[in-house]
Amino acid sequence: WISWFLSSKGNEYFCEVEEDYIMDRFNLTGLNTEVQNYTQALDLITDNLEEDLEDDVRGTVEISARLLYGLIHQRWIVTSRGLAKMLEKYKKADFGRCPRVLCYQQPLLPCGLTDLPYEKPVKLYCPRCEDLYSPKSSRHGSIDGAYFGSTFPHMFLMVYPHMIPSKAPPEGASATAAGGTAALPGAAPGAAAGLPRRLGSAGEETPRDGRNSALGVGNLSTANAAVKAERYTPKIFGFKINEIAKLQRWQ
């Protein structure tokens, strides 16, 4: 069943949970209260379901088996063996690459916004810009985020600190490589971006894109807007990552 599940389209983010981990009931503590038809679902996952079920009953057990495997997967990928398997997938960029231009095709990590099922779909965490993105594929975008949990990407980077990307551009990268254009000698500031200029209300030139000053646009302060903006908060087992650890990432 596990081989069939992993080979199904849309399940490329999952790694194989070893059978001995699943068979150790200690690792499944508490899941029997979260999954209906728990015993039958577990037997289906481990290929031990011998009873012939009616189609409607089997369909229900199949749904329960997907949920159970996803919740087991959440626990498995923060173990040493599970992290090693996810490292292989990360190196191959199986989870996609960051769409942000200045992240230079940085591979992403799957991340849940909550550890509870049926609440939020999976998101992708970029270790370079430390922000979240939605998967490109609708199949991947419909995966429950609880199947990866909120702890995984940050535990992964703590166990493999050498995989934390530098904040500096990679060698050979430049503004033009990132999609910008170099300024010509003697050109006015902003000319490199190719922004036409127009006269403001007081006669001074302002960029055509509506930016009025470094403080904001019109009466709106971009600084105040940035303070109010919602930002992703990395957590491990529900606890925020220490400020010192966050600072060390940037050093």
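So for segment 78-153, Kirkwood radius off the Cα pairs, Stokes-Einstein at 10 °C and 1.306 mPa s: how many µm² s⁻¹?
Approximately 127 µm²/s, per Stokes-Einstein.
What span do the alpha-carbon atoms of segment 11-131 cover on each of the three principal axes, reported in whole Å from largest to smallest?
That works out to 55, 28, 23 Å along the principal axes.
Can you pull the semi-axes for segment 12-78, root of five times each eigenvalue of the Cα gyration tensor, sorted largest first, whole Å?
20, 12, 12
Every number here is computed from the coordinates shown, using simple stated rules; none is lab data. Worth saying up front: this structure is predicted, and the values here are computed from it rather than measured.
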